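Q: Questions regarding the structure given below will be posed in turn.
The values are calculated or read from the model by the stated rules, or taken from the named source; none is laboratory data. Model, not experiment: these values are computed from the prediction. Positions of Cβ are generated from backbone atoms using ideal geometry, with glycine treated the same way; all protein chains shown enter the neighbour counts. Remember, those area values only see protein heavy atoms, side chains included, never the ligands or the DNA or RNA. Shrake-Rupley method; radii C 1.70, N 1.55, O 1.52, S 1.80 Å.
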Amino acid sequence: MADSFVSFDKPQQADLDRCVHCGLCLNACPTYRELGVEMDSPRGRIYQMVQVAGGAPISPSYVEHIELCLACRACETACPSGVQYGRLVEAARAEIENRVQRGPLTRALRRFVFGKLLQSPGWMTAAGAAAYLYQASRLQAIVRGSGLWKLLGKLGRLEQLSPPAEPPFFFDKIGKTFPPEGQRRYRVAFLAGCIANVSFARLNEATVRVLQKNGCEIAVPAGQGCCGALHMHAGIRAEARKLARANIDAVLDGGFDAIITNAAGCGSTLKEYHELLEHDQAYAERARRFSALMKDVTEFLGSIELNRNMRPVPVTVTYQDSCHLAHGQKVRVQPRRLLAAVPGLQFREMPLSDLCCGSAGIYNVVENEMAMAVLEKKMQHVNSTNAEVIATANPGCMLQLEAGARLHGRGQRVMHVVEILDDAYRGM
Ligand code: SF4
Ligand code: SF4
């Protein structure tokens with residue numbers, strides 16, 4: 001699946017050279033906090049990348065340390081030298097992908113998930129239908145309620161993280177345009193994601209409604225698809241570039257004021273299309289314009305004059321910063337500003353709200369043990385607030401926190417910030 005840009009898919013010396021090995025990032029790193037091992041810290045991982053760049057072989061131990069990284073980018077926030085760690089770890093994974101031969105089963109599975117499932121509405125709909133049958137037959141309730149999942153080992157733990165299916169799926173809204181309520185203030189394009197069309201169809205609908213309430217005409221352009229974020233995290237960059245070009249072509253020439261996503265993990269990749277396509281002469285400039293228009297929905301709403309015609313929502317809420325929003329996109333204030341605008345809502349800040357919850361794309365599936373250890377710590381901080389609702393801004397974090405609330409929490413409800421706003425606008 002390589003393309004002609006594959007030679008750039010490795011950590012670049014200029015990026016590696018920025019690290020002065022000061023160690024100021026260590027305490028911000030969830031895997032270092034958990035294991036206390038230098039090789040599982042940002043500094044240690046960069047040290048290993050430097051060795052590989054200098055000609056050392058890609059050993060199984062190197063692969064292990066790089067794969068155990070959550071790519072949460074908390075180290076980027078902590079680093080005083082401006083090391084772009086996210087860029088480094090994604091490039092390191094791409095180099096591993098290109099140079100290390102995986103086992104036949106892993107290869108087949110990765111080919112199916114990244115090459116077919118995530119890219120095909122047909123496959124996604126079929127998977128969603130199967131998931132819906134599992135839920136609707138009450139089999140899921142039995143597995144979770146009876147404690148049967150505990151006997152199933154890793155499979156049982158993965159079950160706790162399985163995304164819901166929410167028919168009717170959002171795929172049938174792609175290609176449609178939704179009018180604003182009242183006078184049109186903005187024309188925006190909405191990128192609906194891939195899995196989110198099946199598993200977060202109600203969140204996507206709520207996003208459209210909230211934007212309508214704020215004077216937006218919302219197009220959900222045809223031709224859009226998976227953003228490639230999961231491919232990037234897995235090092236499958238040629239495929240990610242293909243998806244990036246398709247999304248740029250679907251949206252860029254529509255004359256929109258902004259391109260909106262409600263998934264922080266996707267937004268981070270979408271905002272970095274210009275880096276992904278920097279060596280592609282045909283797309284580099286288009287990618288720059290696309291990235292400049294990209295906005296997380298909370299960033300967009302938190303930066304315009306918000307429609308404050310809301311009903312009270314009397315609930316206590318804490319907020320979990322999604323790593324790819326706080327560290328990847330530096331968006332922290334706007335989601336909190338939106339929550340503060342809801343009448344009756346009582347906000348309770350949790351300690352270390354920007355420490356990863358362990359979701360990290362499909363990290364919680366492939367590195368489940370570490371993800372669950374990180375989640376358990378996160379839930380201690382959540383519980384300390386006694387909030388009834390955990391708000392966040394990324395569907396992947398929502399699934400992880402829902403599992404956290406069931407396993408280590410007090411039955412808290414998990415909501416996207418936009419769903420809380422949608423609630424506040426209901427009937428207004
Ligand atoms: S990544 Fe930044 S904070 Fe961490 S060791 Fe390197 S220079 Fe220091
Ligand atoms: S991205 Fe997160 S897990 Fe990876 S080294 Fe940085 S802080 Fe640690």
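Q: What length, rounded to one decimal in nm, is gained on full extension from Ala136 through to Ala53, with 0.36 nm per residue of separation minus their alpha-carbon distance?
A: Extending this stretch completely gives an extra 24.8 nm.
Q: For region 122-221, count the residues as N, evaluate 2.2 N^0.38 Å, and divide the Cα radius of gyration by that value, please.
A: It is 1.38.
Q: With only alpha-carbon pairs counted, each pair once and no self-pairs, how large is the Kirkwood hydrodynamic radius of region 166-211 in angstroms?
A: By the Kirkwood definition, the hydrodynamic radius is 11.2 Å.
Q: Which of rounded, prolate, oblate describes region 210-369, given a ≥ b ≥ c as roots of the alpha-carbon gyration tensor eigenvalues and a/c under 1.5 marking rounded, otherwise prolate only if a/b is larger than b/c?
A: Here region 210-369 falls in the oblate category.
Q: Divide, for the chain, the radius of gyration over alpha carbons by 2.2 N^0.38 Å, where N is the residue count.
A: 0.95
Q: Seen from all sides and averaged, what is the projected area of the convex hull of the Cα atoms in region 203-303, in nm²?
A: The Cα convex hull of region 203-303, projected and averaged over all directions, gives 6.3 nm².
Q: Could you rank the peptides 94-103, 312-321 by their average count of other C-beta atoms within 10 Å per residue, with the highest value first?
A: Descending packing order for the listed peptides: 312-321, 94-103.
Q: Would you please give the residues with an amide H less than 5 Å from that of Gly225, counting only those at least 5 places away or on a separate chain, with H modeled from the backbone geometry?
A: Distant-sequence amide H within range of Gly225: zero hits.
Q: Where the eigenvalues come from the Cα gyration tensor of region 312-402, what are the semi-axes √(5λ) of the equivalent ellipsoid, largest first, in whole Å?
A: For region 312-402, the semi-axes come out at 23, 15, 10 Å.
Q: Kindly report, to the nearest 10 Å², the accessible surface of Arg426 as traced by a 1.4 Å probe over protein heavy atoms only.
A: 130
Q: Relative contact order for region 262-317 using alpha-carbon pairs under 8 Å, separation at least 6, rounded to a whole percent?
A: 36 percent.
Q: Could you check the simple spin-label distance between Arg426 and Ala222, using points 7 Å along Cα→Cβ, in nm with one decimal?
A: It is 3.4 nm.
Q: Relative to a virtual label point 7 Å from the Cα of Arg99 in the Cα→beta-carbon direction, which members of region 40-59 show backbone nitrogen distances below 16 Å?
A: Answer for region 40-59: 45-59.
Q: Given that compact globular proteins tend to follow 2.2 N^0.38 Å, what is the ratio of the alpha-carbon Rg of region 69-130 to that value?
A: Normalised by 2.2 N^0.38 Å, the Cα Rg of region 69-130 equals 1.56.
Q: Note down the relative contact order for region 164-293 as a percent, whole number, built from C-alpha pairs under 8 angstrom at least six residues apart.
A: Rounded, it is 26 percent for region 164-293.
Q: Given a 1.4 angstrom probe, I'd like the percentage of the accessible area of region 248-389 that is carbon and sulfur, rounded to a whole number.
A: 50
Q: Once R0 is set to 45 Å, what does the formula 1/(1 + (r/R0)^6) return for the Cβ-Cβ distance between Gln13 and Gln380, expressed as a FRET efficiency to the nearest 0.05?
A: 0.65
Q: Based on DSSP H runs of at least 4 residues, each adding -39500 (n - 2.57), what is the mean residue ellipticity at 222 nm of the chain after dividing by all its residues, to the nearest 500 deg cm²/dmol?
A: My calculation for the chain gives -13500 deg cm²/dmol from helical runs alone.
Q: Counting only residues 5 or more places away or on other chains, whose amide H sits under 5 Å from the amide H of Met415 once H atoms are built in the peptide plane?
A: Amide H neighbours of Met415: Ile390, Ala391, Thr392.
Q: Mind ranking Lys295, Lys150 by accessible surface for me, highest first, 1.4 Å probe?
A: Highest to lowest solvent-accessible surface, that is Lys150, Lys295.
Q: Provide the net charge surrounding Cys194, with neighbours chosen by a C-beta distance below 13 Å and charges set as Lys +1, Arg +1, Asp -1, Glu -1.
A: 0
Q: Counting only C-alpha contacts under 8 Å and six or more residues apart, can you give the relative contact order of the chain as a whole percent?
A: With pairs under 8 Å counted, the relative contact order is 15 percent.
Q: Which FRET efficiency, nearest 0.05, do Arg185 and Gln281 yield, Cβ-Cβ r, R0 30 Å?
A: 0.25
Q: Among the listed pairs Lys116/Lys176; Lys173/Lys213; Lys176/Lys213; Lys176/Lys330, give every one whose C-alpha distance is greater than 21 Å.
A: Result: Lys116/Lys176; Lys176/Lys330 exceed 21 Å.
Q: Put a dot 7 Å past each Cα toward the Cβ at Glu38 and Phe112; how far apart are the dots in nm?
A: Calculated label separation equals 4.3 nm.
Q: May I pose another question? Sort largest first and round to whole Å: the equivalent ellipsoid semi-axes of region 26-175, each the square root of five times a Cα gyration tensor eigenvalue.
A: 36, 20, 17
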